[in-house]
Amino acid sequence: MGPDLYAVPMDGVRKVVRAPLLTRLPTAPALVLGLFNLRGEIVPLLDTPALMGLSRIPDWPFVAVVRSSLGLAGLAATAFPEPAALGEPVGPSESPATAGTYAVGGRLAVLLDIEELLGGASRRGNHLLARPSMQGTG
């Protein structure tokens, strides 16, 4: 996102897509950029920096679709997400919903904790990712 480098665990990434066609949701929280269709599944596109309490992302040419216990979610990215091996941990990260800072080549990458990132959004009242319960119906 911007000049900063963020990482997500590879086993949590389902697909990377180029700027999907979005359906905007006027009443959705600001961190929800819209919804898009991924092979028949409706996926919310989320403003990744806003999820972390940072400034909003101005443009998102790419989306990393990630899996979580809450379902699929698209994380907006300013550059093409590429696989990379994280080096040694160099310390904790001060950003919320992160799992530390790692060396990647000559740069530092902050590892995102997807469950905390998306679960934190749900705890703040953004329930778009929550799956409806079928209990108590019928």
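Every read-out reported here was derived from the displayed coordinates using simple, explicitly stated rules and does not represent laboratory data. Computed from a predicted structure; not experimentally measured. Note that each Cβ is placed from the backbone with ideal geometry, even for glycine, and that neighbours are counted across all protein chains shown.
Key figures
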read-out: Some residue of the range 53-63 being in contact (Cβ under 8 Å) with a residue 60 or more places away in the chain and surrounded by 15 or more Cβ atoms within 10 Å (Cβ to Cβ); value: no
read-out: Within the range 43-52, considering residues that are outside any loop (DSSP other than H, G, I, E, B) and without any contact (Cβ under 8 Å) to a residue 40 or more places away in the chain, the one surrounded by the fewest Cβ atoms within 10 Å (Cβ to Cβ); value: 50
read-out: Test for residue 101: is it in contact with a strand residue (DSSP E or B) (Cβ under 7 Å, 6 or more places away or on another chain), closer than 20 Å to residue 118 by Cβ and of a type in the set (S, T, N, Q); value: no
